[in-house]
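Asks: I am attaching a structure below and will ask some questions about it afterwards.
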Amino acid sequence: MNSILTFLTSAMKAKGPHEYAGPCPLCGGATNDGFIVWPDRPRGGAFLCRKCGASGDGIAFLMQRDGMSYAEACAALEIEPKRTTASSFPARRVHARPRPVHLAQVAPVPPAPAVLPCKEWMASAAAFVDSCQRDLETSPEALLAVCGRFLTPYTAVQCGIGWNPADRYVLRESWGLPVIEMADGGKRDKLLLPRGLVIATRREAGTVAITIRSPSDRPESRPKYWQAKGSSNMPFIAGHAGLPVVLVESALDAALLWQESFGKLAAVAFMGSTKPADADTDQFIKQAPLLLAAPDRDDAGEKAWARWSATYPHAHFAPVLHGKDLTEQHAAAHAWPLDYSIPTTGEWLTAVLSAIPTKMGHTDPMSYENTQPHYCTTSGAREAA
């Protein structure tokens, strides 16, 4: 079996027993070691460019560099192609399952009022996110945190995701928050921004919420997800208005969907199973030409589906086939030894979309135009695509 290294020049130098580095053949690169290759990974190896953010397996490399088709890339790497059409998966995998019969019918959930943070908070939050994105391409810890979620640095920047390398204590007043008077006469004048993966929720007004996913070595008393004080409760959005929309619970799942659809789908993450949408997000969802729902595979996910289907009765249930959520399914699809019955996110999307009749007249369910404003921008404002 061939690997990425088979198709690269001698400019690639060994950095360890399983890692090589050299100039990027895709963007040219500004350094001679910014393009990293791990040839022993499945599917012809894996690569990452720290400059342009390109990443993927050997198949993706040959498709991007040489313009090969999927089948041609597999043949060059001597890999048996994975099936990617809807017929590749059993019907039960792509058709909506009945709603859980043991759940009581839920009334539609009206939009919640959108309460934006003050201007000082949004300005400080935007500066914080910017600082957490500066080293995404150079910090090994940041790269591991982002790529460990199967996201590229480019996706992270576009979707407001960064890495905070250490706990930060900032003055509450600098974020427009009042100092808290303690019962013992003391004052709490600091705001904790813990170490972890930073997730910004952004709207036209700016950054409206900060959620931090703490790593596994966090203090026992600290929750996995930490929302910065003063954050709005608005859902996270990845993608443009006017595109097909997928409802999920996790912002990281939403970013993965946006990435793996090449920006042809939008995703709304409610950041939990019980949170309602605000009026703007509600309209964003209702105006979608196609609406899918992919809740987590647990009790909370069943309750989320009950709420979503009551509020958006035109939503198509798109069950995750393996693991708890889309990211776990994606990870399982790439785990060694490979299990070809588990689809990647791209394969899952192709199967689900192909199984749903479209009223839009498109022969390709992924052919919607990107002509509407984008919520996931580096500035946090809507921008024309």
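Asks: If I take the Cα coordinates of the range 4-77 and project them onto the principal axes, what are the three extents in Å, biggest first?
Replies: Principal axes ranked by extent give 32, 25, 19 Å for the Cα atoms.
Asks: Then there is this: I need the chymotrypsin sites (Phe, Trp or Tyr not before Pro) found in the range 253-285, filtered to DSSP loop residues with at most 13 other beta carbons within 10 Å of theirs. Let's see the in-between values first.
Replies: Numbers: sites: Trp258, Phe262, Phe270, Phe284; in loops: Phe262, Phe270.
When the chymotrypsin sites (Phe, Trp or Tyr not before Pro) of the range 253-285 are filtered for loop state and at most 13 Cβ neighbours within 10 Å, Phe262 remain.
Asks: Out of residues 5 or more away from Arg202 or on other chains, whose amide H comes under 5 Å of its own, with H placed 1.01 Å from N in the peptide plane?
Replies: Hits under the 5 Å cutoff: Val208, Ile237.
Asks: Could you put Cys24, Cys159, Cys132 in order, starting from the residue whose Cβ has the fewest other Cβ atoms within 10 Å?
Replies: On the way: Cys24 22, Cys159 28, Cys132 25.
By the 10 Å Cβ count, ascending: Cys24, Cys132, Cys159.
Asks: Beyond 23 Å between alpha-carbons counts as too far, so tell me which of Lys187/Lys275; Lys224/Lys324; Lys51/Lys119; Lys187/Lys224; Lys190/Lys224; Lys51/Lys229 fall in that bin.
Replies: From the list (Lys187/Lys275; Lys224/Lys324; Lys51/Lys119; Lys187/Lys224; Lys190/Lys224; Lys51/Lys229), the Cα-Cα distance tops 23 Å for Lys187/Lys275; Lys51/Lys119; Lys187/Lys224; Lys51/Lys229.
Asks: Let me ask something additional. Work through the residues other than Glu141 whose Cβ is under 15 Å from its Cβ and net out their charges, Lys, Arg +1 and Asp, Glu -1. Before the final figure, lay out each step's value.
Replies: Details: positive: Arg50, Arg134, Arg149, Arg195, Arg213, Arg218; negative: Asp135, Glu137, Asp167, Asp217.
Computed value for this residue: +2.
Asks: Here's something else I'd like to know. Full extension from Thr9 to Ser69: what is 0.36 nm times the residue separation minus their Cα-Cα distance, to one decimal in nm? List each step's numbers first, then the result.
Replies: On the way: separation 60, 0.36 × 60 = 21.60 nm, distance 2.20 nm.
Extra length available between Thr9 and Ser69 comes to 19.4 nm.
Asks: Moving on to the next point. Taking neighbour Cβ counts within 10 Å as the exposure measure, how do Ile180, Ile59, Ile342 sort from fewest upward?
Replies: Ile180, Ile342, Ile59
Asks: Where does each of Asp299, Asp130, Asp184, Asp325 land when they are ranked from fewest to most other beta-carbon atoms within 10 angstrom? Walk me through the intermediate numbers first.
Replies: On the way: Asp299 11, Asp130 17, Asp184 5, Asp325 21.
With the sparsest Cβ surroundings first, the list reads Asp184, Asp299, Asp130, Asp325.
Asks: Hey, with R₀ at 51 Å, roughly what FRET efficiency would Glu80 and Asp184 work out to, going by the Cβ-Cβ distance, to 0.05? Before the final figure, lay out the partial values.
Replies: Numbers: r = 68 Å, r/R0 = 1.33.
Calculated value: 0.15.
Asks: Something else: If I take every Cα pair under 8 Å that is 6 or more residues apart in the range 119-227, average their sequence separation and divide by the length, what percent do I get for the relative contact order? Each step should come with its number before you reach the end.
Replies: Details: 176 pairs, mean separation 27.3, N = 109.
Contact order relative to length: 25 percent.
Asks: Over the range 4-77, calculate the relative contact order: mean separation of alpha carbon pairs under 8 Å at least 6 apart, over the residue count, as a percent.
Replies: Values: 121 pairs, mean separation 15.3, N = 74.
Contact order relative to length: 21 percent.
Asks: Give the dimensionless ratio obtained when the Cα radius of gyration of the range 119-227 is divided by 2.2 N^0.38 Å. Intermediate values should be presented prior to the final figure.
Replies: Working: Rg = 14.8 Å, N = 109, 2.2 N^0.38 = 13.1 Å.
Output field value: 1.13.
Each value in this text was obtained by applying a stated rule to the coordinates, not by laboratory testing. For clarity, every value in this text was computed on a predicted model and none was experimentally measured. Every residue, glycine as well, gets a Cβ built from its backbone with ideal geometry; the counts of neighbours run over all protein chains shown.
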